[in-house]
Amino acid sequence: MSSSSTNNNIDTTAFTVAQLPCLDDNYGYLIHDPKTGDTAAVDTPDASVYEKELTNRGWKLSHIFNTHHHWDHTGGNLELKKDGVKIYGPSENIPGCDVPLNGGDVIDFGNKQATIIDVGGHTKGHIAYHFPTEHTVFVGDSLFALGCGKMFEGTPSQFWASLKRLRELPDETIVYCAHEYTQSNAKFAMSVESGNPKLVARAEEIYAKRQRGERTVPSLMGVEKETNPFLRGDISEEIRKNVGAVDGDTDDVIFGKVRKAKDTFRG
């Protein structure tokens, strides 16, 4: 994959990704296939932001790919659903959904295909859109840079299984998550695995970027595997010790303890 990043664009071999800051800390995305003209919104935090970007770029929206049902991911669906736009989403309460999706489904976009990954846990039906030939995955609120979503509806067992599915993706996969939470996530990660030199270096880089007002999203899956505590509870003795894991705890139980520690973290 060849890629470059200018003016919030990431150009891949088949499509361009435009990253759109929305609301307080959301990121929305537009994916554009220049060969077919197909353009997809990945979640719809703010319809007006999308409409402005589409107009500025001369793109015509054709698809909406929702990851889960929360309002800050579906709030612009109905306003943007016009002129033949089709809405895809999980089997949840997705406004205007035309094509309900489940893990393992494959959908066409432009001349490429996306594989749907079940990443339930933040919500029960949460999905991710993986474009394997483009080494790209849109994960919504399931996985964040150095974090994961709060467990509003799922169980530790479900959420851990979801994160393991994402962890199996190749290291070079570009991870597009839906919020700029990385600095606070780094503080928590350091509280449970400060002995990880790769995490220490990444945290310093993140603090510097945020001080300069720069974005920390997207990230690479390989970097998440090395530094994200929510992907490392089964391999890091330091994390297990710091979240109070005991002998006999299964990996999903350990994940639940990491998630609980983050929920109560005030660092």
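The values are calculated or read from the model by the stated rules, or taken from the named source; none is laboratory data. Please read these numbers as outputs of a predicted model, since none were measured by experiment. No Cβ is skipped: glycine too gets one built from the backbone with ideal geometry, and neighbour counts run over all protein chains shown. Quick note on the areas: whole protein, heavy atoms, side chains included, nothing else; ligands and nucleic acids left out. Shrake-Rupley method; radii C 1.70, N 1.55, O 1.52, S 1.80 Å.
Please work out how much accessible surface His179 shows to a 1.4 Å probe, ignoring ligands, DNA and RNA, in Å² rounded to 10.
The accessible area of His179 comes to roughly 10 Å².
Quick one: net charge of Thr250's neighbours, Cβ under 12 Å, K/R +1, D/E -1?
Net local charge, Thr250 excluded: -3.
Out of these labelled values of Cα Rg over 2.2 N^0.38 Å, (1) 1.04; (2) 1.28; (3) 0.98, which was calculated from the coordinates shown here?
Calculated Cα Rg over 2.2 N^0.38 Å: the matching label is (3).
State the percentage of accessible surface on region 163-267 attributable to carbon and sulfur atoms; use a 1.4 Å probe and exclude ligands, DNA and RNA.
Within region 163-267, the accessible surface is 48 percent carbon and sulfur.
Pick out which of Ile107, Ile235, Ile127 has the largest mean-square fluctuation in a Gaussian network model of the chain, springs linking Cα atoms closer than 10 Å.
Checking each option, the largest mean-square fluctuation is seen for Ile235.
Cα-Cα over 27 Å: which of Lys82/Lys209; Lys209/Lys262; Lys86/Lys225; Lys81/Lys164; Lys124/Lys260; Lys187/Lys241?
Lys82/Lys209; Lys86/Lys225; Lys81/Lys164
When ligands, DNA and RNA are left out and all protein chains stay put, how many square angstrom of accessible area per residue does the chain have with a 1.4 Å probe?
Accessible surface, normalised per residue, equals 43 Å².
What is the percent carbon and sulfur in the accessible area of region 36-77, measuring with a 1.4 Å probe over the protein chains and ignoring ligands?
The C+S portion of the solvent-accessible surface of region 36-77 is 52 percent.
Contact order normalised by length for the chain, with contacts defined as Cα pairs under 8 Å and 6 or more residues apart; what percent is it?
Across the chain, relative contact order equals 12 percent.
Can you compute the FRET efficiency between Arg266 and Ser157 using 1/(1 + (r/R0)^6), with r the Cβ-Cβ distance and R0 = 22 Å? Round to the nearest 0.05.
That gives a FRET efficiency of 0.20.
What does the charge add up to near His73, with Lys and Arg as +1, Asp and Glu as -1, over the other residues with Cβ less than 9 Å from its Cβ?
Here the charged neighbours net out to -3.
Could you put Phe144, Phe152 in order of accessible surface area, largest first, with the 1.4 Å probe and the full protein assembly present?
Phe152, Phe144
How much accessible area does Arg259 have with a 1.4 Å probe, in Å² rounded to the nearest 10?
The accessible area of Arg259 comes to roughly 10 Å².
Among Asp252, Asp171, Asp108, which one moves the most in a GNM of the chain with springs linking Cα atoms closer than 10 Å?
Asp108
Out of Arg57, Arg210, Arg167, any idea which swings most in a Gaussian network model of the chain, alpha carbons joined below 10 Å?
Fluctuation is largest for Arg57.
Quick check: with the 1.4 Å probe, what order do Met221, Met190 take by accessible area, largest first?
The ordering from most to least exposed comes out as Met190, Met221.
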